[in-house]
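The values are calculated or read from the model by the stated rules, or taken from the named source; none is laboratory data. These numbers were taken from a predicted model, which means no experiment stands behind them. A quick note on method: Cβ atoms are made from the backbone with ideal geometry, for glycine too, and the neighbour counts reach across all protein chains shown. These accessible areas exclude ligands, DNA and RNA; they are computed on the full protein's heavy atoms, side chains included. Shrake-Rupley method; radii C 1.70, N 1.55, O 1.52, S 1.80 Å.
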Amino acid sequence: MKEYKTVSQIAGPLIFVDDVSGVGYNELVEIILPSGERGKGQVLDISEKTAVVQVFGSTSGLSTTGTSVKFLGESLRLGVSEDMLGRVFTGLGEPRDKGPKPIAEERLDINGAPINPYSRDEPRDFIQTGISTIDAMNTLVRGQKLPIFSASGLPHNQLAVQIARQSKTKDQKEDFAVIFAAVGITHEEASFFMRDFEKTGALERAVLFLNLADDPSVERLITPRLALTTAEYLAFEKDMHVLVIITDMTNYCEALREIASARQEVPGRRGYPGYMYTDLSTIYERAGRIKGKKGTITQFPILTMPGDDITHPIPDLTGYITEGQIVLSRDLHKKNISPPVDPLPSLSRLMNLGIGKERTREDHRGLADQLYAGYATGRDLRSLSAVVGEESLSNVDRKYLKFADEFEKRFITQASNEDRSIEQTMDLGWELLSALPETELKRIKKEYIEKYGKKFRK
Amino acid sequence: MKGKLSRISGPVVVAKGIEDAKLYDVVRVGEEKLVGEIIKIVGNESVIQVYEDTSGLQPGERVVSTGEPLSVELGPGILKSFYDGVQRPLQGIEKVAGSFITRGIDVPALDRKKKWEFKPLVKKGQKIKHGDVLGEVQETEIITHRILSPYSGTLKSIKAGKYTVEDVIGTLDTGRGKKHDLKLYHRWFVRKPRPYSEKFPPVIPLLTGMRIIDTFAPIAKGGTASIPGPFGSGKTVTQQSLAKWSDAQIVVYIGCGERGNEMTEVLKEFPKLIDPKSGKPLMERTVLIANTSNMPVAAREASIYTGITLAEYYRDMGYDVSLMADSTSRWAEALREISGRLEEMPGEEGYPAYLARKLAEFYERAGRVKTLGTNPREGSITVIGAISPPGGDISEPVSQNTLRVTKVFLGLDASLAHRRHFPAIHWLKSYSLYIEALDPYYKEKISAEWPSLRDEAMKLLQKEAELQEIVQLVGPDALPEKEQAVLVVTKMLREDYLQQSAFHEVDTFSSMEKQYLMLKNIMHYYERIMDAVEKGVQLSFLTSLKVMEKIARMKEIPETKMKDIKSIYEEIDAQFEEAIKR
């Protein structure tokens, strides 16, 4: 192992080490401060003479003299084992719960390797979250990556724990695990999650990685990768169905921008680096099913949209990679509709794989489309009626208005412990649709209206 | 002297002292022999983009040039394959490396063991020109692979038989005593367009079965189209529908920097889907290229060139090829990322200044052509590129530069998508510059009245946009009955004609004949309702006619029961007559 004391420059989270040899790109580095404190880092750029090292942790106290740097000869790895279940780790993978370090069964590169698209298997098992807006209209399937697009002040954490708690599939006996990666969130938020996991007993089946707001921001680039490396191990080696919750991806992207600007890179949109899309994809794409393996990885990243703006680079690039999005709406939240999931901009791209005959019910697709269309029309008419008054709307239009109100009050709204079965959710949808004339139900096959909708029509 | 690595920074590395370094030559980097390509030369330093992850590479490791630019293997076995961005077969990689793609894997693009039955079509002693068909191989159940000669000369020998792609099938004397062995495959550089003898104007439509495209924004065979749209507006579903139903003989589908699961979906679905014309699985005519977003970014840059070169090869055999690139924005971002690593002066939004040129070069490789050879064939490549503009705003450089070179614009609209109006292609935003060139075809093959019917319908939709503005201000009741009637018809056009479900077994594909009959019925309803309103029949009465329901369900009538759509025409007449009588 080579040790150097040739630090020539320190800039933000980066240090430059001169006269190095035999050092590889992406290699892990140990940094020993003059005080004897130890830190870790990673080689970002290596030329014949100089290595640029990105330091995880704070660089304060570093000096060009007296700091020594050890190159460890391998990239960042995480020791993984089943014993990690029930444990809490720091954002760098060290135990945080005063327990011993689990004995590693395998040490894996935290960057993983891309899943061969040929080896992927189609996600198709319907996950019932018990939340109507998700189950009926943005159905989640095992192996999907479905982010929650939220904004500051909205109850995304409550929604996330409700999903983690209620999610189930038809066959309940299979092994499952929840992996929770906190990326730059506050102590308060983290303890909210911990409390909920403890209360519901989910903690036993969970692995937590916590990088909190006051932890070094560079670590945020590592934390989600630790979580996903653990997830891949549990899913593809230990046959578990793993649900990964990462919150908040916005903090991750901020850290990415910080490093890029410290490296004086050419900035892309709004100062974020041009490779942010590729970088995010190396996180989000680590979800899915693999042919011949029992386990699956389902991802629930949470991000807060800066300024409620869905076109901001963070939600925008995320939306281009993930398989849909659940969007929370401030308007609904203000109207006291909870959870404030706005079905119109929300989308699950893999929905069709998980619904229909033998999975949920044959009328699912048509019903979902009709609910969308009805609610969208109702919302449009609201703005129209605000201008011209409700009286000048046609009879049918007034029915749509009423439908939209009822839809918000009864379908979207549900208590944080209310676990609706898919049948309940769909019957509720039919019941609400009965307020509209049958001729308006163009999205649903006639036979389904007869079979499922008739009983709700008076 | 072999080159040595001197600097590594992400996917871009620098090597010193490579002998004979030429721009775009392929090199093998490091002890693991990672594949890379020289993209810049300064003095004795070569800048190399590496198609694999560069973790662990050290300065001082060897770099060896292959002396050749990036090339693909052209021969039987391409169809039904699933390649990465540099034509490595993903199925072969799985055999070697398992479910995850690790580094330094070397698998040939074409299966070296498989034997193909070769039937020569030329004779010994015959003069052969570059591009002539030497013989045929039945590549899949529906596609005959024509073996093209990569050289000109006199044929010394050729033999029928069962060969692997490496076996010699004959020899060619190319003059001055030089002899070339002929094989079932040859190599071609991906960045060099394959030659042809002449380009033709686009006069034949590429029928897609999607009503919004075939009716209002038709694509010509050999043409170019772009599909920009924000996420969730249905770009990929549209691309996949086009790949499934367009009447091209060969489909090249490039998943460029997109989701892994999407490629899995294509892979699962295409073998199951049956081509309506041949009755065989669609996969028999398809080649897939996938360089998903998390795979190495340099290979993503190469993927569209790999794809279009394969397309050109089948074009040269005389096939109509359609190429889907999903998404060209991700390709442009790969360019940007590499340009950034090269520390080039950035142009607009950080994209390199040569973005426009590269895009134009790519789309220019489309076209309907007369091929090389003594008996030239006619083939075409239609390029349909998806664009993912940030925030759905098409004022950005990739969209703008693409719009300048493509002739069809299919504008996806987020608000339509939110309303679950699919395909979410907006009729007023979209256009096709091929319409006039294609009209003679429609008049001959569909009906003489088709162009006027279509234009009339488009006029109504434009009128609707104007009327909607008024409605927003004063409400629908303030409009005169005639204009309210227009809104009834345009709603019908939007919901009963333009909306089309990609997931409905019948509705997913509409033949031109069906489109014609459907549109004819709706426009006939328009005529009758205007006439009836004129005669003083109440509008609310007219909109409750039973035939409305029938019009709404026209799209669900299968192609085999075209009579049922035709008969609606008479029903409209009958019900209106009765309405007027009352």
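Data for the structure
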read-out	value
Cross-link partners of A:K101 among lysines (Cα-Cα below 24 Å; sequence separation of 8 or more within a chain)	A:K40, A:K70, A:K238
Residue-wise HN-Hα coupling along the range B:534-543, computed from phi with Karplus coefficients 6.51, -1.76, 1.60 (Hz; x: Gly, Pro)	4, 7, x, 6, 5, 5, 4, 5, 5, 7
C-alpha center-to-center spacing [the range A:81-108, the range A:234-268] in angstrom	20 Å
Peptide-level mean, for A:383-392, of C-beta atoms on other protein chains within 10 Å	3
Cα extents of the range A:96-233 along the three principal axes, largest first (Å)	40, 40, 29
Rule-of-thumb Rg ratio for the range B:157-245 [Cα; 2.2 N^0.38 Å; N residues]	1.77
Three principal axis lengths of the range B:11-59 [C-alpha, angstrom, descending]	26, 19, 15
Kirkwood hydrodynamic radius over Cα pairs of chain B, then Stokes diffusion coefficient at 37 °C and 0.692 mPa s, in µm²/s	125 µm²/s
Lysines whose Cα lies under 19 Å from that of B:K22, excluding same-chain neighbours fewer than 8 positions away	B:K2, B:K4, B:K33, B:K40, B:K192
Percent of beta bridges antiparallel (DSSP, chain B, rounded to nearest 5)	70 percent
Placed amide H near B:Y83: partners under 5 Å, 5+ positions off or other chain	B:L90, B:L288, B:I289, B:A290
Given A:K454/B:K482; A:K145/A:K409; A:K291/B:K80, the pairs whose alpha carbons are separated by over 26 Å	A:K454/B:K482; A:K145/A:K409
For the range B:15-66 and the range B:318-341, distance of Cα centres in Å	23 Å
Residue mean of other protein chain beta carbons inside 10 Å, A:20-28	5
R0 of 22 Å, Cβ-Cβ distance A:E423-A:E174: FRET efficiency to nearest 0.05	0.50
Heavy atoms of B:H130 accessible to a 1.4 Å probe, total area in Å² rounded to 10	60 Å²
Exposure of A:E265 as accessible area (Å², to 10), given a probe of 1.4 Å and all protein chains	50 Å²
Other-chain or far-sequence residues with amide H under 5 Å of A:I290's (modelled H)	A:D121
Beta bridge orientation in the protein assembly as shown: antiparallel %, DSSP, nearest 5	65 percent
Whole-Å semi-axes of the ellipsoid equivalent to chain A (Cα gyration tensor, √5λ, descending)	47, 24, 18
Integer Hz, Karplus 6.51/-1.76/1.60 couplings in order for the range B:516-527, x for Gly and Pro	4, 5, 5, 5, 4, 4, 5, 5, 5, 4, 4, 4
Two-site FRET efficiency, B:E361 against A:D18, from Cβ-Cβ distance with R₀ of 45 Å, rounded to 0.05	0.55
Average Cα contact separation per residue, the range A:78-353, under 8 Å, 6 or more apart, as relative contact order %	28 percent
Amide H within-cut-off set for A:R96, under 5 Å, with H built and near neighbours excluded	A:V88, A:F89, A:T90
Rounded Å value of the spacing that divides the Cα centres of the range A:334-386 and the range B:113-186	58 Å
Table column - 3J(HN,Hα) (Hz), the range B:126-132, Karplus curve with 6.51, -1.76, 1.60, x for Gly and Pro	6, 6, 10, 9, 3, x, 6
The range B:232-362 - percent relative contact order, Cα under 8 Å, separation 6 or more	30 percent
All lysines inside 21 Å of B:K429 as judged from Cα atoms, apart from same-chain residues fewer than 8 positions distant	B:K235, B:K407, B:K459, B:K463, B:K491
Per-residue average of Cβ from other chains inside 10 Å of A:271-282	6
Fraction of beta bridges assigned by DSSP in the range A:78-353 that are antiparallel (%, nearest 5)	35 percent
Isotropically averaged projected area of the protein assembly as shown, using the convex hull of Cα atoms (one quarter of hull area), nm²	43.8 nm²
